[in-house]
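One structure below.
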Amino acid sequence: MSHAGLSTVRPAGPAQRVQSVDRALELLAAVAASEALPTVAELAESCGINRSTAWRLLATLEAHGMVERAPSSSGYRVGYGAVRLGAAADEASVVRRVRPALEELAEATGETVSLALVKTASLRYIDHISAIGAPFAPWTEERVSLHSTSSGKIFLAWLSDAERDGALPSTLERFTQSTTVDRAALDAELAEARRCGYARCHGEDAALTNGVSAAVLDARRRPIAVVNVWGPERRIPVERFDELGPLALDASTRVAGLLA
């Protein structure tokens, strides 16, 4: 078969977007962002789409497992297909997308910055920037202690009471003299972290190592990642926490926007 006359040259400039795909993805994002089970009418209104169009698009998404109707309800929730796609996401693509925000934070603080992703009821570090040029071995194989690190504490701060109970061991391990092992004291600290937007660590996981962390929240105010600023106590004394915490919080908000 001859291919003469068929052009293989792509048009210059950005590719034209497909409106139906745009609308379908808007509906999927709206389902994911809703705390309740939104109906077709509610989704159509929130996305500015005609109800019959929304119904057809949702039916297509449902056929591909991207959304599903809850039993005994007219509402929709995220389906197994979307969960499967999320699990297959490449962590390297997340790093590439948010790296500029982390680099700006490292430059603004002059300290080491890292990014951890939420993995079910735990955290996993996926990126690290050392502003002082120190060598670094990734902690990807290490389990992050939730009660003794600023990253773990801000993650816990955004969980429900039941989720927090499931994530924490019955007995909190002491790593240093500063580690909080009393659950009531830890809960009070988590409440304060949620109120101000960032958690602190004062030599609680490793002696003479301090840090602050802020959670990256999704549209439902659920933690999906954590931004950290940390270093030796001589560089990050307690007096710097109120300076570094808001910077970490600003960076986490920017990362959330980049991942939205």
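The values are calculated or read from the model by the stated rules, or taken from the named source; none is laboratory data. Fair warning: this is a prediction, and the values are worked out from it, not measured in the lab. Cβ coordinates were reconstructed from backbone atoms using ideal geometry, including for glycine residues, and neighbour counts include every protein chain displayed. All accessible areas refer to the heavy atoms of the entire protein, side chains included, with ligands and DNA or RNA removed. Shrake-Rupley method; radii C 1.70, N 1.55, O 1.52, S 1.80 Å.
Scanning the range 47-75 for residues that are surrounded by 16 or more Cβ atoms within 10 Å (Cβ to Cβ) and closer than 20 Å to Ala260 by Cα yields a count of 4. Residue selection: Ala41 fails the criterion of being without any contact (Cβ under 8 Å) to a residue 40 or more places away in the chain, under 22 Å from Arg221 (Cβ atoms) and not acidic (Asp, Glu).
Looking at this structure, is Ala30 farther than 30 Å from Ser130 by Cα, at pLDDT 90 or above and assigned to a helix (DSSP H, G or I)? It is false that Ala30 is farther than 30 Å from Ser130 by Cα, at pLDDT 90 or above and assigned to a helix (DSSP H, G or I). Against the numbered list (1) of a type in the set (Phe, Trp, Tyr); (2) touching a strand residue (DSSP E or B) at 6+ places or on another chain (Cβ under 9 Å); (3) over 28 Å from Ala33 (Cβ atoms), Phe175 comes up short only at (2).
Of all residues in the range 185-201, how many are closer than 22 Å to Ala106 by Cα and open to solvent by 40 Å² or more (accessible area, probe 1.4 Å)?
Going through the range 185-201, the residues closer than 22 Å to Ala106 by Cα turn out to be 193, 196-201.
Filter once more, keeping what is open to solvent by 40 Å² or more (accessible area, probe 1.4 Å): 200.
Of the residues in that region, 1 qualify.
Checking the structure you have, find out if any residue of the range 100-119 is part of a strand (DSSP E or B), surrounded by fewer than 16 Cβ atoms within 10 Å (Cβ to Cβ) and either modelled with pLDDT under 90 or touching a Phe, Trp or Tyr at 6+ places or on another chain (Cβ under 9 Å) (or both). Yes, some residue in the range 100-119 is part of a strand (DSSP E or B), surrounded by fewer than 16 Cβ atoms within 10 Å (Cβ to Cβ) and either modelled with pLDDT under 90 or touching a Phe, Trp or Tyr at 6+ places or on another chain (Cβ under 9 Å) (or both). A Cβ distance below 6 Å, combined with a sequence gap of six or more or placement on separate chains, defines the contacts here; from the range 156-176, residues that are buried (at least 16 other Cβ atoms within 10 Å of the Cβ) reach residues that are assigned to a loop (DSSP other than H, G, I, E, B) and of a type in the set (Ser, Thr, Tyr) in the pairs Phe175/Ser148. Among the residues of the range 202-249, those identified as within 24 Å of Val94 (Cβ to Cβ), open to solvent by less than 10 Å² (accessible area, probe 1.4 Å), over 13 Å from the mean Cα position of the chain (by Cα) and not small (Gly, Ala, Ser) are Val212, Val229, Leu244.
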